[in-house]
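These notes concern the structure reproduced below.
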């Protein structure tokens, strides 16, 4: 159930990816406007996480989760009924804000129930299971488009939201002690967490990785379908290969963590991430196969570092779990939406080169920051 709830962002974006060129044509709008339906969804999903997380400390995880899922389902239905791009964008905003409740509550529930090495393993398993969504979603989306219109994709998402709402009724409340202060004070706990120097420094270092990763998601359909001239079905297979790398990463981390420290694995992932960017710059534009292979470096590296970095961030703060989880997920999604916005400004012919440059810049910068921060006294390492 935690994996299903965590899958809301990839389901809500990747199921829709093969339809982006079709939506642009059907609604007679531009690539930039269509990309707004992705980036604004992620921005409001991130804002939802920022709000729902600390509020769940006061009202409990389950009531907040049910409220968010109801909004997500209504927003999905609104997308399916949209007749213009502005209506679609508005519905995606509602969908994203509601879905943010799932993103906030899942990470908080994991910390409520697990500690130390066990929490790290659970995070890895949940993240690995979540990756099934981006592998399957574009293929399913392409099949839907083959027989039905892109509106059907949002009816499917509405069904997923309704099903998740019903399943969530069966969940037990995991929060043992609720915050006794006011609603405004509970939101103010975000600032308390941000004042922790160990948390804030690591948060910025690790969250920047999402910028090129989500830039790839926002540009992938245009690169494969318009740039390389593949079919929507072929695009879903190439994208599935990249998503498979995200499945391999967390699963590979579990055995590697028995032999190497989390800190060394994170450092190695930054090196692999940078290597992927260099590969894209040199050979990525030659063929869709080489482009997919270049992105595979980044997806494996980015997903492999997620369990140890999430556990490390959670370990910086003893209390305020909802606020901590909210800030972790919010910052990553905000950076990712920024990546989608930046890549939407580039012409199709320059997309691959821009992605490679993003990966190299982030890999070198964040890898260097990590090497500087990991030995500092204010960083609390996970036990």
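Which condition from (1) farther than 24 Å from residue 369 by Cα; (2) modelled with pLDDT under 80; (3) part of a helix (DSSP H, G or I) is the one that residue 282 breaks?
Against the list (1) farther than 24 Å from residue 369 by Cα; (2) modelled with pLDDT under 80; (3) part of a helix (DSSP H, G or I), residue 282 comes up short only on (2).
Tell me which residues, restricted to the range 257-284, are crowded, with 20+ Cβ neighbours inside 10 Å and more than 19 Å from residue 247 (Cα to Cα).
Selection gives 274, 277, 279, 280, 284.
Residue 38 - would you say it is more than 18 Å from residue 326 (Cβ to Cβ), touching a residue at least 24 places away in the same chain (Cβ under 8 Å) and under 18 Å from the mean Cα position of the chain (by Cα)?
Taking the combined requirement at face value, the residue satisfies it.
Cβ-Cβ distance below 7 Å, separation of 6 or more or different chains: which pairs start in the range 73-87 with a residue that is under 11 Å from residue 27 (Cα atoms) and end on one that is outside any loop (DSSP other than H, G, I, E, B)?
Note: pairs meeting the criteria are 82/88; 82/91; 85/33.
Among the residues of the range 373-380, is there at least one that is in contact (Cβ under 8 Å) with a residue 40 or more places away in the chain and assigned to a helix (DSSP H, G or I)?
Yes, some residue in the range 373-380 is in contact (Cβ under 8 Å) with a residue 40 or more places away in the chain and assigned to a helix (DSSP H, G or I).
Could you please find all residues in the range 41-66 being under 19 Å from residue 322 (Cβ atoms) and under 14 Å from the mean Cα position of the chain (by Cα)?
Within the range 41-66, 44, 45, 46, 47, 48, 49 qualify.
Can you confirm whether the range 287-297 contains a residue that is in a helix (DSSP H, G or I), modelled with pLDDT of 85 or more, within 29 Å of residue 374 (Cβ to Cβ) and more than 17 Å from the chain's Cα centre (by Cα)?
Checked the range 287-297: at least one residue is in a helix (DSSP H, G or I), modelled with pLDDT of 85 or more, within 29 Å of residue 374 (Cβ to Cβ) and more than 17 Å from the chain's Cα centre (by Cα).
Name the single residue that is nearest to residue 290 (Cα to Cα) among those in the range 341-361 being at pLDDT below 80 and in contact with a helix residue (DSSP H, G or I) (Cβ under 7 Å, 6 or more places away or on another chain).
Among those that are at pLDDT below 80 and in contact with a helix residue (DSSP H, G or I) (Cβ under 7 Å, 6 or more places away or on another chain), it is 348.
Could you tell me whether residue 230 is touching a residue at least 40 places away in the same chain (Cβ under 8 Å) and part of a helix (DSSP H, G or I)?
When the stated conditions are applied, residue 230 does not pass them.
Which ranges mark the helices (runs of 4 or more DSSP H) fully within the range 6-111 that have 3 or more residues being buried (at least 22 other Cβ atoms within 10 Å of the Cβ) and in contact with a helix residue (DSSP H, G or I) (Cβ under 7 Å, 6 or more places away or on another chain)?
Where helices (runs of 4 or more DSSP H) fall fully within the range 6-111 and carry at least 3 residues being buried (at least 22 other Cβ atoms within 10 Å of the Cβ) and in contact with a helix residue (DSSP H, G or I) (Cβ under 7 Å, 6 or more places away or on another chain), they are 8-14, 31-59, 61-80.
So, in the range 314-340, exactly how many residues are closer than 26 Å to residue 177 by Cβ and surrounded by 24 or more Cβ atoms within 10 Å (Cβ to Cβ)?
Adding up the residues that qualify gives 10.
If residue 218 satisfies all but one of (1) surrounded by fewer than 24 Cβ atoms within 10 Å (Cβ to Cβ); (2) at pLDDT below 85; (3) in a helix (DSSP H, G or I), what's the number of the condition it fails?
Result: residue 218 passes all but (1).
The values are calculated or read from the model by the stated rules, or taken from the named source; none is laboratory data. Bear in mind the structure is a predicted one, so any value in this text is a computation, not a measurement. Positions of Cβ are backbone-derived with ideal geometry, glycine not excepted, and every protein chain shown enters the neighbour counts.
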